[in-house]
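Bear in mind that the values in this text are calculations on the coordinates, not laboratory data. A quick note: this is a predicted structure, and the numbers were derived from the prediction, not measured.
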Amino acid sequence: MPRRSPPLAALLVAALALGCSAAYYGAMEQIGREKRHILADRVAAGRDEQRAAQEQFQSALDRFQAATKFRGGELETTYRTLEAEYEKSEARARAVRDRIGSIEQVADDLFDEWDDEIDQISREDLRKKSRAQRKQTMARYQQLIAAMQRASKKMDPVLTAFRDQVLFLKHNLNAAAIASLEGDVVAIRSDVDALVRDVEAAIREADAFLATLERSAPR
C-alpha cells in the first residue's frame, strides 16, 4: 500500500510543537504553500480582522449613544450591555494587533529569503530585476504595515474612553449618570470616525499589497 502524506493538521501541530518557524514553513511547503502564500493569507486575514474591528467599534459607539437616551428600565441591563460592547471591542483590537504581528513575522522571513536567493542567481541582469521587484514589494509592504499600525493605534483612545464610561457607570449606576455620557459620546464619535478612515486606508493598502505580491514575489 502506498504511503500517504501526513495531513495538513498533523504537519502544523508538529511544527507548532517544535516551536520553530523553519519547521512550520517546511510543513507548509510540503503542501505547496510558500512564504509568499502564507504572507498573502495573513495580510488578507489582517485586512478582514481590521474590518471586523471597525464594525465592532461602530456598533459599540451606537450602543453607548443609545444609552444616553435612557428613559427608564433596567439600569443594570444597560450597564451590562455597554460592558459587553467594550469587552468585544477590546478583544477585536487585540486580535488586530496579533494579526499585524503575524504579518510582520512572515514578511521578515520572506524578504530575508528573497535576499538569499538573489545572491544565488548567477546572471547579473536577472539579479538586478529581482532586486527591483524586491524593492518595489518592500516599499508597498512598508506602506501596508504602517497603515495597519496607524489604524490599530487609533483603537487605543477609543478603548480608553469606552472603559472610562463603563467604570463610571459601574460606580454610578443611575439614570443621571447614563444621561451624562452624551457629551462624551460626541467626542468618542470623532475618534471612531478617525479610526474608520484609517481602517479603510489600511484595507486599501492591503488590497494593493496583495496585488503587488502576486505580480512580484518570486515563484
Worksheet entry | Calculated [θ] (222 nm, deg cm²/dmol) that DSSP helices of n ≥ 4 give over the chain, each run adding -39,500 (n - 2.57) | -30500 deg cm²/dmol
Worksheet item: Helix 35-67: angle to the longest alpha-carbon principal axis of the chain, degrees 0 to 90, nearest 10?
Response: 10 degrees
Worksheet item: Tell me, what are the semi-axes, in whole angstrom and largest first, of the equivalent ellipsoid of the range 35-216 as set by the roots of 5 times the Cα gyration tensor eigenvalues?
Response: 46, 13, 11
Practice prompt. Just tell me which lysines come within less than 24 Å, Cα to Cα, of residue 128; anything on the same chain fewer than 8 places away is out.
Written response: 35
